[in-house]
Ligand SMILES: [Zn+2]
């Protein structure tokens with residue numbers, strides 16, 4: 001099959017909404033490969049479902065996106081519109097964080113009890129949007145371990161080399177981890 005086929009965007013809408021029927025889901029699964037426009041179709045559907053106009057560049061999780069902002073910025077943004085700032089800085093550093101350290105605190109979110117991490121050796125960190133309270137992430141790490149930066153996408157390379165649609169503001173310094181700038185500002 002050639003690479004230039006494209007599925008009906010209404011199927012993507014149904015996929016995103018969790019309403020696609022079994023036959024169509026199976027049909028998509030059995031395609032020899034995903035059509036090259038699917039990511040852009042998917043982004044278009046996501047864009048239809050948010051209340052703001054900043055361009056979605058990539059979805060990081062259910063309600064968290066990297067978006068293009070006015071003035072040439074790329075920021076991590078919650079579905080509610082709250083911006084966590086430059087996407088090259090770990091968004092978790094600007095979230096509300098709840099840490100569960102004791103057996104009792106961790107037991108509230110683990111079942112059965114043998115699955116509970118061992119207090120003193122591990123802790124559970126939960127990351128929330130300061131504006132709407134959505135939980136965007138959870139990590140289980142040793143106490144004192146640096147906050148994990150889960151994903152720094154190379155957006156320029158992805159859009160240019162994989163989608164064939166280079167972003168208008170390409171620059172080598174987009175693909176750099178700037179998290180240390182945030183922690184440095186705390187001292
Ligand atoms: Zn929010």
**Item:** Overall form of the chain per C-alpha gyration tensor (a/c, 1.5; a/b vs b/c)
**Value:** oblate
**Asked** Considering the Cα trace of segment 94-170, what is its radius of gyration and what is Dmax, both in angstroms?
**Response** 17.9, 52
**Fill in**
Note to self: Kirkwood Rh of segment 1-49, Cα pairs, one decimal, Å, is 11.2 Å
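For the chain, what is the mean residue ellipticity at 222 nm derived from helices alone (per DSSP H run of n ≥ 4: -39500 (n - 2.57); sum divided by total residues; nearest 500 deg cm²/dmol)?
Taking each H run of at least 4 residues, the total per residue is -5500 deg cm²/dmol.
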**Request:** Quick one: angle between helix 38-48 and the longest Cα principal axis of the chain, in degrees between 0 and 90, rounded to 10, please.
**Result:** 70 degrees
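Quick note: the coordinates plus some simple rules give every number you see, no bench work behind them. The structure displayed is predicted, hence computed values, not measured ones.
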